Each structure stands twice: as structure tokens, then as C-alpha cells.
Amino acid sequence: MLNHYDTVWPKGTIGKRPFRTDGRFAYGPGGVFDMKAGMVQCLYAMQFAAEHGGSFVSLFTGDEEVGSTESRPIIEDLASRSSRVFVMEPSQDGKIKTSRKGVGDYTVTFRGGRAAHAGLEPEKGVNAIDEMARAVLFLHSLSDTARGGTTVSVNVASGGGTRSNVIADWAQVQVDVRVWTLSEAERVDGQIRSMRPHNPGATIEVSGGINRPPMERTRATVELFEEARRAARTLGIDLQECAVGGWQ
Ligand SMILES: [Zn+2]
């Protein structure tokens, strides 16, 4: 069972909203929904397993909201030795997530050969914004709703020359990629990395990549869901599943 105990609240929030209890309720900026409630369920499950001779591994991390930078190797190690993992994140409208899109984040930098005066020697300039504009159209063409809703979108663009009469020698875009399957992640990643400049005097540099692989709805996932559904039914809960588009 996978848990995280950090929250998105900035440091110092606890000073403004101190922890307090009031009868049956506890208050504080702790992320009750995401995801202290899941941790409590996990602790009860551990206690139940201990009392009934079962066992499972529970992992509690403290850096999920910032990208699991320190805990990632531990997560990957335990995942590789686990046949099944329940992530104790909150459900969506009571539905548990059996698939989630993978997310990629790229920065693409375009450089012209040199900056040149737009009036005096335009032939010597290689316009980085021209490269960027062509690349943006290419990147958007990688979106493929037919392949299950792959999206590639450029949402931040910057750069340019120093003045309106100097040919732009630098430009940069940030690209958001979302895919349902690993094969789509590989297709899009390959296309982004193999982009070549239109003008031979320009260069294209790609950094970033797929940082959260998709969780595909595999046969094993469906089996695990069915098992949870059967267990929930004994508690009078009609458990449903859902798919989500982003990292949550
Ligand atoms: Zn969370």
C-alpha cells in the first residue's frame, strides 16, 4: 500500500491555522482528503493483517507533492518486488482509479545561426521564431485522439531577438504531453526527439521527457479491481472504477 503524508500547503500555514480538536473533529492544514484518510485506512488494514496472520508492505513517503524526488528509488524498488499495489490516494466521487494518463514535460530550444539586422543583412540571420512556429504546428500534429486521446500542447512560448528590427536568434517552448499507453509515450517521445530544423543554420535542443508513465488498465488491474469490488460489496458499497487524465 502506497501512501504520502506531505501536503500542498506552504511552510508556515500551521502557524496561521494551528491544529486543534473539537469533540469528534480535528482541524488543521493537513490534507485530510489527500490523503490522511487513506493513511488511516491503511493503518487499520495493517492492524487487521497483523491480527489475522496476513502481511503486506506499506510505504509512507513525504515528498510526493514535489515529484517524489528522494523517494522515487524506494518506490521503484518496492514496486518491482510487488505483484499488486493499492495507492491510498482519495477516490474520485467514490470511484477508484484503474487507469491514469502518463504525463510528459519538455522544453524545446531553437537557436538561429546568428542575430542579424532585419533591414541591412536579413540573409545572414536565421530566424529562431520561424523554427519555433513550424515546430509548434508539428508538435500539435502529434496529438491523436484516435489513439485514445494523446494530447501534445505548447502552452508557454518565449524568446525572440533584442529588438523588432533584429532577427530573432533564440526561442523556446514548453510542451505538455499526456498519453494513455506506454507505446504512445514512446511514439511521441521519439517524434519530439527527432525534430530537425527547417533551416540548416538553426539548431533544436530538446530536454525533459515523460516523467510519470501512464497507468494502463491491464488485466491484472481489472482482476485487482474486481477483488476490491467483491470485498466492498460485503460492506454494502457498490465500488465503481474510473479513468483520469492527469496526475492526481
Ligand atoms: Zn495525494
Next on the checklist: Is it the case, given these coordinates, that Val136 is β-branched (Val, Ile, Thr), modelled with pLDDT of 90 or more and not in a helix (DSSP H, G or I)?
Outcome noted: no
Checklist entry - Given the residues Arg196, Arg187, Arg178, which is the only one that is more than 19 Å from Lys101 (Cα to Cα) and outside the structural domain of Phe86 (by TED's automatic domain parsing)? => result Arg196
Checklist entry - Which strands (runs of 3 or more DSSP E) sit wholly inside segment 1-63 and have at least 2 residues that are more than 25 Å from Ile74 (Cβ to Cβ) and away from the ligand (no atom under 16 Å from the Cβ)? => result 20-22, 25-27
Checklist entry - If you go through segment 64-94, how many residues are within 14 Å of the ligand (Cβ to nearest atom) and either hydroxyl-bearing (Ser, Thr, Tyr) or surrounded by 11 or more Cβ atoms within 10 Å (Cβ to Cβ) (or both)? => result 13
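The values are calculated or read from the model by the stated rules, or taken from the named source; none is laboratory data. These numbers were taken from a predicted model, which means no experiment stands behind them. Here Cβ is always computed from backbone atoms with ideal geometry, including for glycine, and neighbour counts include all displayed protein chains.
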